[in-house]
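The values are calculated or read from the model by the stated rules, or taken from the named source; none is laboratory data. Computed from a prediction, not measured in an experiment: that's the story for all the values here. Cβ coordinates were reconstructed from backbone atoms using ideal geometry, including for glycine residues, and neighbour counts include every protein chain displayed. Just the protein is used for accessible areas: all its heavy atoms, side chains included, with ligands, DNA and RNA removed. Shrake-Rupley method; radii C 1.70, N 1.55, O 1.52, S 1.80 Å.
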Amino acid sequence: MSLLDLKDVVKRYGQHTVLNGVSLTVAKGQIIAVIGRSGSGKSTLLRCVNGLEPIQGGTISFDGTVVNDPGTDLSKLRLHVGIVFQSFNLFPHLSAEENITLAPNVVKGVPLAEARRLAQTVLRKVGLAEKIDAYPDQLSGGQQQCLAIARSLAMAPQLILFDDPELVGAVPKLLEEMARDGMTIMLVTHDIGFACKVADRVAFMHQGRIWEEGPAAATLARPRTPELGSFLSAVLLH
Ligand SMILES: Nc1ncnc2c1ncn2[C@@H]1O[C@H](COP(=O)(O)OP(=O)(O)OP(=O)(O)O)[C@@H](O)[C@H]1O
Ligand SMILES: [Mg+2]
């Protein structure tokens, strides 16, 4: 059963068409890796799925809800669709604990004491238990990313969108654990080896379209289009 269904999605910034008819389905429990050159529209795609960007054409359905329907309650949608941004988007004036407790407490109405226990649990999970009182600028880049992941996990989303995480430290294992726990993951990555290893499917974006999509290992081993072929040889040579 598909959890996420994109049909002919068009996204423009002014005259510039960034997504030019993107169609994609993601089944529940799948990990789909999204790869492609810089500027091909990967981050934009994730932002549209989460309803952070309006679209100019097509439909995005998540679990039966049309994300781009003006009547859709986007804050409700975001209870189920988490996003870990390329730039983390942590709250700099809040501690690690407060970064995590804010949304469960304010958006979901989880009592603060319970939200704090939840913060401890997710921080332990990402290996940051001892940083509970630290502020984002007191954390390394890798640790900030783990905090952003912990913050997302605390909301227990059905679908989690990862925008090109640095696959260092505990992160690869965490992603595999999340998938094992039944979470559906859409992962933008430049790490082809990791995509091949953990993803069920891979989507190659090129010029605002899904150029190729299929089972991860087979698609990456035998590209059907010269565009994917040359993309892979360029990244694998680096
Ligand atoms: N807010 C914006 N306003 C105007 N143009 C934008 C905006 N955001 C993105 N774009 C343009 O959309 C295109 C796709 O950008 P996007 O960030 O989705 O690429 P990407 O595939 O994530 O690249 P990267 O691998 O470098 O992160 C780029 O040409 C970019 O300049
Ligand atoms: Mg990007």
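Evaluating kT/(6 pi eta Rh) at 4 °C and 1.567 mPa s, with the Kirkwood radius of the chain over Cα pairs in the Stokes-Einstein relation, gives 71 µm² s⁻¹. For the chain, adding -39500 (n - 2.57) for each run of n ≥ 4 DSSP H residues and dividing by the number of residues yields -11000 deg cm²/dmol at 222 nm.
Within the shell defined by Cβ-Cβ distances under 10 Å, the residues around residue 85 carry a net charge of -1, with Lys and Arg each +1 and Asp and Glu each -1. Just flag the trypsin sites (Lys or Arg not before Pro) in region 42-133 sitting in loop per DSSP whose Cβ has no more than 16 other Cβ atoms within 10 Å. Listed in order of number, the matching sites are 108.
Each part gets one Cα centre, and for region 26-73 versus region 122-186 those centres are 21 Å apart. The string of couplings for region 108-113 from the Karplus curve (6.51, -1.76, 1.60, θ = phi - 60°) is 9, x, 5, x, 4, 4 Hz, one whole number per residue in order, with x for Gly and Pro.
Reachable aspartates and glutamates from residue 76, Cα under 17 Å, same-chain residues fewer than 8 places away excluded? Output for residue 76: 53, 63. Per residue, the accessible area of region 120-177 comes to 42 Å² when a 1.4 Å probe rolls over the protein heavy atoms.
Taking only protein heavy atoms and a 1.4 Å probe, the accessible area of the chain is 52% carbon and sulfur. Partners of residue 173 within straight-line reach, counting aspartates and glutamates whose Cα lies under 20 Å from its Cα and excluding those fewer than 8 residues away in the same chain: 130, 163, 164, 181, 191, 200.
Taking every protein chain into account, the accessible area of region 1-95 amounts to 47 square angstrom per residue (probe 1.4 Å). Excluding same-chain neighbours fewer than eight residues apart, the lysines reachable from residue 42 by a Cα-Cα span under 19 Å are 7, 11. Amide H to amide H, with H built 1.01 Å from N, residue 205 comes under 5 Å of 35, 36, 211, counting only residues 5 or more places away or on other chains.
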